[in-house]
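Asks: The structure under discussion is supplied below as structure tokens; questions concerning it will follow.
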Amino acid sequence: MNKKILIIILIGVLAAGGFISFLVWKHYSKPNLPLKHYCQTDSDCVLSGSDPEGFGICVNKEWYEEWKKSPESKKYKWTCEYTGKERCACVNNKCQRIDSERGCGVKETQVIITTNKTEYERGEEVKITLNTNGNTLYFEHYNNRVSYYRLVDGNWELIPAGDWAGCHKVSCRDGVIESICREVHSPYCKKVNNILEKIWDQKMKVKKRVRCGKDIVELHTYQNVPPGTYKVKIDYFKDSKCQGKVYSVYSNEFIIKEKEISYKTRQAYALGLTLEEFEVLDSSIHQYLYAQYPFLRKTQFEVRYEKVNTEIENFPQGTLVIDAYTTFRTPPVVVRAAFYEGQAYIISHWVEEGLE
């Protein structure tokens with residue numbers, strides 16, 4: 001009796017050991033599958049929403065999370081509207097779809113917008129490029145499908161860009177209102193296979209109320225947008241008639257800053273000269289100094305110009321007289337010149353403390 005019980009116990013132990021060994025082998029043995037599809041339980045599998053090899057397939061959850069962090073994933077944009085019937089399961093250690101649905105969207109490489117620069121001076125043209133990356137899309141012209149936004153207190157505000165439509169008052173001159181009329185274009189849908197380019201002149205629409213003669217009128221004009229951070233949005237369609245769902249894509253952010261005025265421009269303005277006239281004056285002064293002090297040709301120095309309220313013999317009354325102060329020595333050498341009919345005439349030069 002004891003023998004039979006012993007044998008039964010032994011058989012039971014062996015059977016249990018064999019079953020446990022099988023479970024251990026089943027748990028740790030890995031079929032010849034990449035991690036992307038490998039699973040042990042249904043919870044290891046997820047429906048891929050960003051997979052370049054096949055949209056709507058089931059993959060390993062850990063693999064999918066790592067893949068989403070990779071640079072490769074950034075190249076793809078997915079649109080997916082789930083029905084709620086999609087199901088994944090672990091079948092023979094492989095993640096598979098077990099529902100009757102097929103996919104859940106359309107794979108496409110990203111449609112992107114870029115600007116030719118990331119910093120612009122006020123009034124400078126912004127060149128905008130929409131790259132479809134091989135996708136076929138449709139753009140509706142003359143229907144405000146390009147929008148401009150400015151960052152204000154942490155929020156993006158729409159800029160009223162574009163043209164005033166139809167006829168509108170633009171200015172008042174000598175009590176008379178001046179108006180212009182723009183042709184009103186009907187929107188039309190155009191296929192874009194690769195590149196769409198736009199130019200923005202940084203203008204925004206503004207309304208101004210002014211007195212014109214005896215009346216107060218509202219003018220529809222334009223002005224440059226203020227400095228700040230901006231971005232562009234372009235709306236497009238996948239429908240060939242530009243109907244149905246509207247898709248939007250945003251550009252990189254870019255900065256518009258105050259135009260930097262050069263030292264020469266400031267000097268020209270102070271003297272009442274154009275930049276071209278100032279260049280003539282500046283060149284004449286430098287050539288004169290080089291002749292008087294040859295070593296200056298190899299020396300970096302600046303010249304500061306001041307308008308002088310005086311008359312010069314043999315020049316008409318009101319001729320512009322200028323003193324040029326140099327920086328290559330202290331006290332400075334001063335050169336006096338008359339600027340007349342687009343030419344600079346050297347009158348004299350001295351060291352500021354007395355005639356040289």
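Rule-based calculations on the coordinates, nothing more; no lab input. Being a predicted model, the structure only gives us computed values, none of them experimental. Positions of Cβ are generated from backbone atoms using ideal geometry, with glycine treated the same way; all protein chains shown enter the neighbour counts.
Asks: Quote the FRET efficiency, to the nearest 0.05, computed for Asn143 versus Glu72 with a Förster distance R0 of 45 Å and r equal to the Cβ-Cβ distance.
Replies: Once rounded, the FRET efficiency stands at 0.80.
Asks: Give the separation of the Cα centroids, the stretch 229-300 to the stretch 117-163, in Å.
Replies: If you average the Cα positions of each part, the centres end up 21 Å apart.
Asks: Using label points projected 7 Å from each Cα along Cα→Cβ, tell me how many nm separate Tyr345 and Val308, to one decimal.
Replies: 1.4 nm
Asks: Suppose the chain between Leu151 and Val206 were pulled fully straight at 0.36 nm per residue; how much longer would it get relative to their current alpha carbon spacing?
Replies: Stretched out fully, the Leu151 to Val206 stretch lengthens by 17.9 nm.
Asks: Please arrange Arg211, Arg304 by how many other C-beta atoms lie within 10 Å of their C-beta, fewest to most.
Replies: With the sparsest Cβ surroundings first, the list reads Arg211, Arg304.
Asks: Arrange the following residues from fewest to most other Cβ atoms within 10 Å of their Cβ: Val59, Val333.
Replies: Final ranking by Cβ density, sparse to dense: Val333, Val59.
Asks: Continuing with this model, one more query. Hey, got the Cα dimensions of the stretch 263-351 along the principal axes, in Å, largest first?
Replies: Largest first, the stretch 263-351 extends 36, 27, 20 Å along its Cα principal axes.
Asks: If you take the square roots of the eigenvalues of the alpha-carbon gyration tensor of the stretch 112-257 and sort them as a ≥ b ≥ c, do you get rounded (a/c under 1.5), prolate (a/b over b/c) or oblate?
Replies: oblate
Asks: Taking the Cα-to-Cβ direction at Tyr263 and at Tyr222 and moving 7 Å from each Cα, how far apart do the two end points lie in nm?
Replies: About 3.6 nm, to one decimal.
Asks: Can you tell me how much longer the chain between Tyr250 and Leu35 gets when fully stretched, taken as 0.36 nm per residue apart minus their C-alpha distance, in nm with one decimal?
Replies: Result for the pair: 73.9 nm of gain on full extension.
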